[in-house]
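The values are calculated or read from the model by the stated rules, or taken from the named source; none is laboratory data. Values in this document were obtained by computation on a predicted structure and should not be read as measured data. Cβ atoms come from the backbone with ideal geometry, glycine included; neighbour counts cover every protein chain shown.
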């Protein structure tokens, strides 16, 4: 076997395989014990949501094609990677009022480990001069179901789940996201590879932000962010120079205001960079690797509220900062796509389970 692919969903063929299950027993030449399966959830606000579980033998990752190919949660043994949202998800998009008049309906579906924000816009709600909502919070792509999904396994032990999601409107923009997640048997990491294509006949514009969300047990008081900082500022204009303790986390506290820091990261000669979130003792962490040429803007979001309200941080590489789209466009932080042109990016998420792994990533960051 060099490479085999199975189709799970194909809207053009009215194909939807809700009983798909692939295991290591089907591939005796590959090492380890692993499994890929799909099921459709049936209860509450999750009814109708497809869930693909990739268990590579060491780490279990859950992809939700119904929600823009987002990653719901990941687990290594008994350790959960993600956060505990007060939203009982995953929420089917039909229950998410994106165009709520305040533009904040997106929050009613927010509970993923990794959620894409975009494609037409990815930041705060944007209103016209009359107060009418133009672009809702974080865009629409996370609440668009994939129309095509497949799974590929190759002879090197790589497992890839790929989906296509469109954000298109007659007379307006036509953008297609090809989203892939790849992991390797017995690894504790996965890589996102995304391509966004303008499949229309006229120029289009796009934004993308990877909202990667970590809470307890990794996030605790005195947890720390380690990053190769080129520049940093507070997202609040009145406090833009206030970056005190930006890299250290406070204990949960009911009603504490959220904080955002807008950061430009240094990269190596090819633009590659890394960011690390580690616990207070340095015994576990989550690391991101990406390229600043594709994702030049990095946002650190700190939501240090009571645990029951969602104690979480967002580590967020992006094409821009999550301000209203109009504001970002004025600063030139928007991607122009000619007809048929594609934008692409890779983000690797590594779950570190031992202190020597954490120390190794810290050293690599210091050398950037």
Pairs with Cβ under 7 Å, 6+ apart, first in the stretch 339-368 and in contact (Cβ under 8 Å) with a residue 24 or more places away in the chain, second surrounded by 15 or more Cβ atoms within 10 Å (Cβ to Cβ) and in a helix (DSSP H, G or I): 352/358; 352/361
Residue in the stretch 39-58 that is farthest from residue 20 (Cα to Cα), counting only those that are touching a residue at least 60 places away in the same chain (Cβ under 8 Å) and surrounded by fewer than 23 Cβ atoms within 10 Å (Cβ to Cβ): 58
Residue count, the stretch 103-132 (criterion: part of a loop (DSSP other than H, G, I, E, B) and touching a residue at least 12 places away in the same chain (Cβ under 8 Å)): 12
Residue check for residue 302: without any contact (Cβ under 8 Å) to a residue 60 or more places away in the chain and part of a loop (DSSP other than H, G, I, E, B): no
Cβ-Cβ under 6 Å pairs, at least 6 apart or on other chains, the stretch 186-212 side without any contact (Cβ under 8 Å) to a residue 40 or more places away in the chain, far side buried (at least 18 other Cβ atoms within 10 Å of the Cβ) and part of a strand (DSSP E or B): none
Residue ranges of strands (runs of 3 or more DSSP E) in the stretch 191-237 with at least 3 members in contact with a helix residue (DSSP H, G or I) (Cβ under 9 Å, 6 or more places away or on another chain), modelled with pLDDT of 95 or more and closer than 22 Å to residue 267 by Cβ: 204-215
Of the criteria (1) touching a strand residue (DSSP E or B) at 6+ places or on another chain (Cβ under 9 Å); (2) over 18 Å from residue 214 (Cβ atoms); (3) assigned to a helix (DSSP H, G or I), which one residue 346 fails: (3)
Any hit, the stretch 275-296, residues being in a loop (DSSP other than H, G, I, E, B), within 14 Å of the chain's Cα centre (by Cα) and more than 24 Å from residue 59 (Cβ to Cβ): no
Residues within the stretch 17-38 that are touching a residue at least 24 places away in the same chain (Cβ under 8 Å) and under 26 Å from the mean Cα position of the chain (by Cα), tallied: 6
Unmet requirement for residue 162, which otherwise passes all of (1) without any contact (Cβ under 8 Å) to a residue 12 or more places away in the chain; (2) in a strand (DSSP E or B): (1)
Checking residue 110 against (1) surrounded by fewer than 23 Cβ atoms within 10 Å (Cβ to Cβ); (2) at pLDDT 95 or above; (3) under 30 Å from residue 32 (Cα atoms), the condition it does not meet: (3)
Residue under evaluation residue 33, criteria (1) buried (at least 17 other Cβ atoms within 10 Å of the Cβ); (2) in contact with a helix residue (DSSP H, G or I) (Cβ under 8 Å, 6 or more places away or on another chain); (3) modelled with pLDDT under 95, criterion not met: (1)
